[in-house]
Amino acid sequence: MMLDTIIFATQIVVPYSEGRPLRGSEMNKLKVIENGAIGIKGGKITFVGTQEEAAHLQAKETIDGTGKLLSPGLVDPHTHLVFGGSREHELALKQQGVPYLEILAQGGGILSTVKATRETSEKALFEKGLFHLNRCLTYGVTTMEVKSGYGLDKETELKQLRVAKKLNEAHPIDLVSTFLGAHAIPENYKGRPDAFLEEMLSMLNEISNKGLAEFVDIFCETGVFTVEQSRNFLQKAKTAGFGVKIHADEIDPLGGTEMACEIGAISADHLVGASKEGVRMLGQSDTIAVLLPGTTFYLGKDQFAPARDMISSGAAVTLSTDFNPGSSPTENIQFIMNLAALRLKMTPEEIWNAVTVNAAYAIGRGDVAGSLLEGRSADLVLWDVPNYKYVPYHYGVNHVNKVWKSGKVVAGKGDMHANYTLSS
Ligand code: NIG
Ligand code: FE
């Protein structure tokens, strides 16, 4: 059989876990093929093995990745990709030490992005989303989650969700949508959080009927929604057929981690201030811990999420950019891998498993993304690095050489790199 493409690489990482994410000490085992080869036909992976085993294969095109690393396309399981405007004006406030929640309480922060998103047309939001999505692709992401939450009214929340749906159809990155209508309390509901949550719950039927989101999320935080309000809201979302997620214990340790485990959330995200009991419960439950060290870094905090304790307790951990205009303005998941090594003290093996298989399970895509298996879509990244340990080590640059989505090259050198060579 003639293949379309065969890719040779000095190392191939082949993370895999059948039917569930990797937990605890399992995360420290990473499957690697030395001198490996991947075969592609019709957009699907048809061969995974060593170059020796691939000797009999024939392909129309051969990519020689000698000296390079090949991996699955990365999965980013928590982003706020679709938003209007930007918040560079808040940088000076941050430098003066004004806390994130104080900026929000003054009507800035998330609420300033809400204003900008309401004022931005659906077409302009799509174009802006496309720009950021292309950048995500250049960093090696081929599947990601995207949240609404900058509308806080029916019209704008639906607008954001429609934009995400159109981006999913138009762009190589596969998008998984989450409804985050409960992201902040808008001006017209100030002091009436329960009434606002009712308003957001009243949208669930339409969102479900139109296939606009699979998951529902809430920002459980001081001055936003309490643990009890969040529990009640997410339970209703579950009853309506959605998977649930939560922004928990991001800034103040309120106990959202425990609640997420109790109600069976697919993931609990942030968890910087997770209590000992919360960490223990993560180890006992199916709720995946989505850690966002870029946010902790950008908020200027010294204390990062207790990743080591979580892994020791047996939890399934993943990592994400949290890409958003306020607390984490970056599409660079490779920098998150660096921070995971330096600040969360995760091993390179744990980090690679986190951004592939575990990230896929955190957004309900464990059966299609995050692994290199025969029969799966050929979503691949070739890296300009000698081995997998190199990516979490060499920080602040883009190591991607090429990205394939369903067997087609969709990003790579030429887009992001200078190609200057010396001529004699
Ligand atoms: O994950 N914490 C709430 N939501 C985002 C930030 C959103 C924003 O600041 O615009 C987060 O940190
Ligand atoms: Fe977030």
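The values are calculated or read from the model by the stated rules, or taken from the named source; none is laboratory data. Remember, predicted model here, so these are calculated numbers, not experimental data. Because the Cβ atoms are built from the backbone with ideal geometry, glycine has one as well, and the counts that use them run over all protein chains shown. Side chains are part of the model used for accessible areas, which takes the heavy atoms of the whole protein and leaves out ligands, DNA and RNA. Shrake-Rupley method; radii C 1.70, N 1.55, O 1.52, S 1.80 Å.
Please verify whether MET200 is within 16 Å of ligand 1 (Cβ to nearest atom) and in a strand (DSSP E or B), treating the condition exactly as stated.
Numbers: within 16 Å of ligand 1 (Cβ to nearest atom): yes; in a strand (DSSP E or B): no.
Against the criterion (within 16 Å of ligand 1 (Cβ to nearest atom) and in a strand (DSSP E or B)), MET200 does not qualify.
How many residues does the range 237-259 contain that are open to solvent by less than 20 Å² (accessible area, probe 1.4 Å), of a type in the set (A, V, I, L, M, F, W, C), out of contact with any Lys or Arg (no Cβ under 8 Å at 6 or more places or on another chain) and not in a strand (DSSP E or B)?
Here the count works out to 2.
Please verify whether the range 93-101 includes one or more residues that are within 27 Å of ALA268 (Cα to Cα), within 10 Å of ligand 1 (Cβ to nearest atom) and surrounded by fewer than 22 Cβ atoms within 10 Å (Cβ to Cβ).
yes
List the helices (runs of 4 or more DSSP H) inside the range 273-387, counting only whole elements, that have at least 1 residues being in contact with a Phe, Trp or Tyr (Cβ under 8 Å, 6 or more places away or on another chain), within 23 Å of TYR16 (Cα to Cα) and within 16 Å of ligand 2 (Cβ to nearest atom).
333-342
Looking only at strands (runs of 3 or more DSSP E) that fall completely inside the range 5-103, which ones have 2 or more residues that are without any contact (Cβ under 8 Å) to a residue 60 or more places away in the chain?
Working: elements: 32-41, 44-50, 58-72, 74-76.
Here the list reads 32-41, 44-50, 58-72.
I'd like the full set of residues that are part of a loop (DSSP other than H, G, I, E, B), in contact (Cβ under 8 Å) with a residue 60 or more places away in the chain and touching a Leu at 6+ places or on another chain (Cβ under 9 Å), limited to the range 104-116. Reasoning before the result, please.
Of all residues in the range 104-116, those part of a loop (DSSP other than H, G, I, E, B) come to 106-109.
The next check asks that each one be in contact (Cβ under 8 Å) with a residue 60 or more places away in the chain; those that pass are 107, 109.
GLY109, the sole residue that qualifies.
Consider HIS89 against the criteria (1) surrounded by fewer than 21 Cβ atoms within 10 Å (Cβ to Cβ); (2) touching a helix residue (DSSP H, G or I) at 6+ places or on another chain (Cβ under 7 Å): it satisfies all of them except one. Which criterion is unmet?
(2)
Across the range 221-236, which residue is nearest to PRO77 (Cα to Cα) among those that are out of contact with any strand residue (DSSP E or B) (no Cβ under 6 Å at 6 or more places or on another chain) and not in a helix (DSSP H, G or I)?
Looking at the filtered set, the residue picked out is GLU221.
Just checking, does the range 117-136 include any residue being within 26 Å of GLY370 (Cα to Cα), part of a loop (DSSP other than H, G, I, E, B) and open to solvent by less than 10 Å² (accessible area, probe 1.4 Å)?
Checked against the condition, which is being within 26 Å of GLY370 (Cα to Cα), part of a loop (DSSP other than H, G, I, E, B) and open to solvent by less than 10 Å² (accessible area, probe 1.4 Å), the range 117-136 yields no hits at all.
Looking only at the range 366-386, which residues are surrounded by 17 or more Cβ atoms within 10 Å (Cβ to Cβ) and in contact with a Ser or Thr (Cβ under 9 Å, 6 or more places away or on another chain)?
GLY366, ALA369, GLY370, SER371, LEU372, SER377, ALA378, ASP379, LEU380, VAL381, LEU382, TRP383
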